[in-house]
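K.L.:
Structure incoming, see below.
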Amino acid sequence: AQSVTQLDSQVPVFEEAPVELRCNYSSSVSVYLFWYVQYPNQGLQLLLKYLSGSTLVKGINGFEAEFNKSQTSFHLRKPSVHISDTAEYFCAVTFSGGYQKVTFGTGTKLQVIP
Amino acid sequence: NAGVTQTPKFQVLKTGQSMTLQCAQDMNHEYMSWYRQDPGMGLRLIHYSVGAGITDQGEVPNGYNVSRSTTEDFPLRLLSAAPSQTSVYFCASSYQGSLDGYTFGSGTRLTVV
């Protein structure tokens with residue numbers, strides 16, 4: 001069974017500091033990985049995705065993520081956060097052959113402190 | 001504006017009542033899905049559709065029905081509401097499935113009392 005783990009339920013960080021949100025997955029087959037962001041009282045928006053090729057993926061709003069196959073991780077990073085980055089972030093995975101079904105992690109709430 | 005439209009935004013039901021959550025998209029997306037979001041549990045797939053006339057069950061389908069008579073619409077029906085169905089429901093669509101990434105609606109917050 002496919003699974004995604006986001007170990008940190010909440011991450012507080014000061015404004016202009018760097019941040020890393022962690023995501024690990026379990027799979028014995030090829031994976032496709034995503035990060036979504038949910039602002040308060042809104043639906044999810046796609047931040048970035050890894051399908052193949054370069055393991056460093058750049059997304060919107062200055063975020064990037066690195067696919068590490070040996071560590072089965074897809075951590076999200078930003079070198080300097082802004083107050084407007086306060087939101088909940090979800091890692092998601094789908095597997096070869098399962099294009100319709102996406103498994104989401106439990107989410108990490110990023111709280112940017114002024 | 002192009003996107004996924006969900007109605008209503010809020011709803012309170014009594015146990016045993018039925019209702020339909022509406023979802024419409026104007027992007028000509030073939031793939032549509034319904035998720036529920038509960039605190040600490042992320043999003044869980046209820047039902048999905050890969051095109052008009054084709055639907056399938058997701059992870060938590062019990063108590064819900066769907067149909068897809070047109071490409072644009074994908075309503076979710078609660079047959080007999082239970083307090084365990086209190087949740088935030090999201091509809092999402094995609095052009096070619098999950099590899100494109102999904103476009104989400106703004107959600108329906110449902111409370112069953």
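The values are calculated or read from the model by the stated rules, or taken from the named source; none is laboratory data. The structure displayed is predicted, hence computed values, not measured ones. Backbone-built Cβ (ideal geometry, glycine too); neighbour counts: all protein chains shown.
K.L.:
Taking the stated definitions as given, is B:Ser87 under 26 Å from A:Phe90 (Cα atoms), of a type outside the set (Val, Ile, Thr) and touching a helix residue (DSSP H, G or I) at 6+ places or on another chain (Cβ under 6 Å)?
P.N.:
No; evaluated as a whole, the condition is false for this residue.
K.L.:
Check whether at least one residue in the stretch A:66-88 is within 14 Å of A:Gly107 (Cβ to Cβ), within 12 Å of chain B (Cβ to nearest Cβ) and of a type outside the set (Phe, Trp, Tyr), and report yes or no.
P.N.:
Yes, the stretch A:66-88 contains at least one residue that is within 14 Å of A:Gly107 (Cβ to Cβ), within 12 Å of chain B (Cβ to nearest Cβ) and of a type outside the set (Phe, Trp, Tyr).
K.L.:
Another question, if that's okay. For the stretch B:31-53, which residues satisfy the criterion of being surrounded by fewer than 18 Cβ atoms within 10 Å (Cβ to Cβ) and either at pLDDT 95 or above or within 13 Å of B:Asp73 (Cβ to Cβ) (or both)?
P.N.:
Within the stretch B:31-53, B:Gly51, B:Ala52, B:Gly53 meet the criteria.
K.L.:
Just to be sure before I move on: is B:Lys14 touching a residue at least 60 places away in the same chain (Cβ under 8 Å) and more than 30 Å from A:Gly59 (Cβ to Cβ) in the structure I sent?
P.N.:
yes
K.L.:
May I pose another question? Hey, can you tell me all the residues within the stretch B:67-98 that are surrounded by fewer than 16 Cβ atoms within 10 Å (Cβ to Cβ), more than 14 Å from chain A (Cβ to nearest Cβ) and over 12 Å from the mean Cα position of the chain (by Cα)?
P.N.:
If the condition is that a residue be surrounded by fewer than 16 Cβ atoms within 10 Å (Cβ to Cβ), more than 14 Å from chain A (Cβ to nearest Cβ) and over 12 Å from the mean Cα position of the chain (by Cα), then B:Ser69, B:Thr70, B:Leu79, B:Ser80, B:Ala82, B:Pro83, B:Ser84 are the ones that fit.
K.L.:
What are the pairs with Cβ atoms under 8 angstrom where one residue, in the stretch B:44-60, is farther than 12 Å from B:Tyr89 by Cβ and the other, located anywhere, is modelled with pLDDT under 90 and among the small types (Gly, Ala, Ser)? Sequence gap at least six, or different chains.
P.N.:
Taking only residues 6 or more apart or on different chains, the pairs are B:Val50/B:Gly97.
K.L.:
Here's something else I'd like to know. Could you check, for the stretch A:44-55, whether at least one of its residues is touching a residue at least 40 places away in the same chain (Cβ under 8 Å), closer than 17 Å to B:Phe104 by Cα and within 16 Å of the chain's Cα centre (by Cα)?
P.N.:
The answer is yes, given that some residue of the stretch A:44-55 is touching a residue at least 40 places away in the same chain (Cβ under 8 Å), closer than 17 Å to B:Phe104 by Cα and within 16 Å of the chain's Cα centre (by Cα).
K.L.:
While we're here: Taking the stretch B:87-113 on its own, how many of its residues are in a strand (DSSP E or B) and of a type outside the set (A, V, I, L, M)?
P.N.:
Qualifying residue count, the stretch B:87-113: 11.
K.L.:
Would you mind stating whether B:Gly101 is crowded, with 16+ Cβ neighbours inside 10 Å, closer than 29 Å to A:Lys109 by Cβ, without any contact (Cβ under 8 Å) to a residue 24 or more places away in the chain and facing chain A (nearest Cβ under 10 Å)?
P.N.:
Spelling it out, B:Gly101 is indeed crowded, with 16+ Cβ neighbours inside 10 Å, closer than 29 Å to A:Lys109 by Cβ, without any contact (Cβ under 8 Å) to a residue 24 or more places away in the chain and facing chain A (nearest Cβ under 10 Å).
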